[in-house]
Ligand code: G3I
């Protein structure tokens, strides 16, 4: 009798074991098997670097898996849009922090840092501002009030601000914006001084695209921030956006040299908005994903090799919510998780770099 029971129990265990293996093989390893222990966030912590992602308010509110992957894999979030001028300051005498507060609360609940993006830009300006025909004195007051109100609202909650974004244009000169036209070039120094007065502990960054390696635009950015340092403006770092594609990623040696010369100025560097377009690549999707992974690997490797490169931030993290298809009107897959939040070769490449010994 005893033998019969043992035999039946063995058969039951065997059946359950085989069934479980079949389920896992058929359905794939469940997402939750990506444990926090081996996440980018935990690996980055061991390397003393912040790893972040830009966050869109709608998927944050509506997609539990978006929230799960964001909190598990990243130690910092950047407001992709909701901290831009027109979203926070829709009317001259009205601010609306609702969406931005949702992001900041999520970060606090998940022990994440927040990068504020962005206080002064030429885009996403509300109509009351662009059509107000304000005098220089009026615009100075508006900009000062905006910076004091926004930075003050998030005092102690935002560890780094993109104070001025893309102030250098594609002609390698100061961009001809409402700020430059009406106030003059001093708008940049003033914006940093006001942000520092509003939150003396926040790290203040100048952020740009197209100047990640070496070249005329990179030199224009370097010369701008060197002047600010020489004038004693409270600037702490430069944001290199790193919006690149398979065919135009800057040479890593140039990125390293660029980061190094900011170190010589006493400035930190954040990679602030990395994504790697594949639409202009050739070959199979697998070949393009492998090439994409190499670029992510190389750029994180450069950042890790420079003590003043303190943060590595992606512009989103899942291909399902990337700005690129909307902006380019072409399909793309520029980020490290696919549309179904499955890790791509680029994700594994970043993990490999973070696991390498220093
Ligand atoms: O959410 C509003 C919606 O309520 C409104 O009806 C609609 C029409 O006005 O606009 C919607 O906002 C859109 C926003 O994305 C949120 O989806 C804006 O139109 C659209 O212009 C905005 O695009 C963003 C773009 O910056 C311009 O702000 C992209 O998502 C964002 O990824 C992109 O990010 C920029 C960085 O801030 C700076 N560096 C370059 C980077 C890529 O362009």
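For helix 252-264, what angle does its Cα long axis make with the longest principal axis of the chain, in degrees from 0 to 90 and rounded to 10?
Compared with the principal axis, the helix lies near 50 degrees.
Tell me the label-point distance for the pair residue 226, residue 110, using the 7 Å Cα-to-Cβ offset, in nm and rounded to one decimal.
Between residue 226 and residue 110, the simple spin-label model gives 4.0 nm.
Of 295, 142, how do they rank once you tally other Cβ atoms within 10 Å and put the fewest first?
With the fewest neighbours first, 295, 142 line up as 142, 295.
So if we plug the beta-carbon distance of residue 186 and residue 157 into 1/(1 + (r/R0)^6) with R0 = 41 Å, what FRET efficiency do we get, rounded to 0.05?
0.90
Using a Förster radius of 25 Å, what is the FRET efficiency between residue 329 and residue 170 based on their Cβ-Cβ separation? Nearest 0.05, please.
Between residue 329 and residue 170 the formula returns 0.80.
Given the rule -39500 (n - 2.57) for each run of at least 4 DSSP H residues, summed and divided by the residues of the chain, what is its mean residue ellipticity at 222 nm, to the nearest 500 deg cm²/dmol?
After summing the helix terms and dividing by the residues of the chain, the value is -14500 deg cm²/dmol.
By how many nm would the segment from residue 284 to residue 58 lengthen if fully extended, with 0.36 nm per residue of separation less the alpha-carbon distance?
This chain segment gains 78.1 nm when fully extended.
For the pair residue 339/residue 144, report the inter-label distance in nm, with labels modelled 7 Å from Cα in the Cβ direction.
Between residue 339 and residue 144, the simple spin-label model gives 5.1 nm.
Regarding the chain, what whole-number volume in Å³ per residue does the convex hull of its Cα atoms give?
163
In whole angstrom, note down how far apart the Cα centers of the range 158-230 and the range 41-67 are.
26
Where the Cα atoms of the range 218-276 are projected onto their three principal axes, how long is each span, largest first, in whole Å?
For the range 218-276, the Cα extents along the three principal axes come out at 39, 19, 17 Å.
How far is helix 136-153 tilted off the main Cα axis of the chain, in degrees rounded to 10, range 0 to 90?
It is inclined by approximately 30 degrees.
Roughly how many Å is it from the Cα centre of the range 245-272 to that of the range 277-355, as a whole number?
Taking the Cα centre of each part, the range 245-272 and the range 277-355 sit 17 Å apart.
Taking the beta-carbon count within 10 Å as an exposure proxy, list 94, 175, 136 from fewest neighbours to most.
The order, fewest Cβ neighbours first, is 94, 136, 175.
When the label point is put 7 Å from the Cα of residue 352 along its Cα-to-beta-carbon vector, which residues of the range 267-292 have a backbone N closer than 16 Å?
Zone members listed by number: 286-292.
Which angle from 0 to 90°, rounded to the nearest 10, does the C-alpha axis of helix 345-355 make with the longest principal axis of the chain?
Approximately 90 degrees, to the nearest ten.
Once you place label points 7 Å from the Cα toward the Cβ at residue 130 and residue 261, how far apart are they in nm?
A separation of 3.4 nm, rounded to one decimal place.
Write down the Kirkwood hydrodynamic radius of the range 261-358, to one decimal in angstroms, obtained as one divided by the mean of 1/r over all alpha carbon pairs.
14.3
Give, in nm to one decimal, the length gained when the segment between residue 219 and residue 46 is fully stretched (0.36 nm per residue of separation minus the Cα-Cα distance).
59.0 nm
Estimate the FRET efficiency between residue 92 and residue 197 by the formula 1/(1 + (r/R0)^6), using the beta-carbon distance for r and 22 Å for R0, to the nearest 0.05.
Computed FRET efficiency for residue 92 and residue 197 comes out at 0.50.
Every number in this text was worked out from the coordinates using simple rules, so none of it is lab data. These figures come from a predicted structure and were not determined experimentally. When we count neighbours, we look across all protein chains shown, and the Cβ atoms used for this are built from the backbone with ideal geometry, even at glycine.
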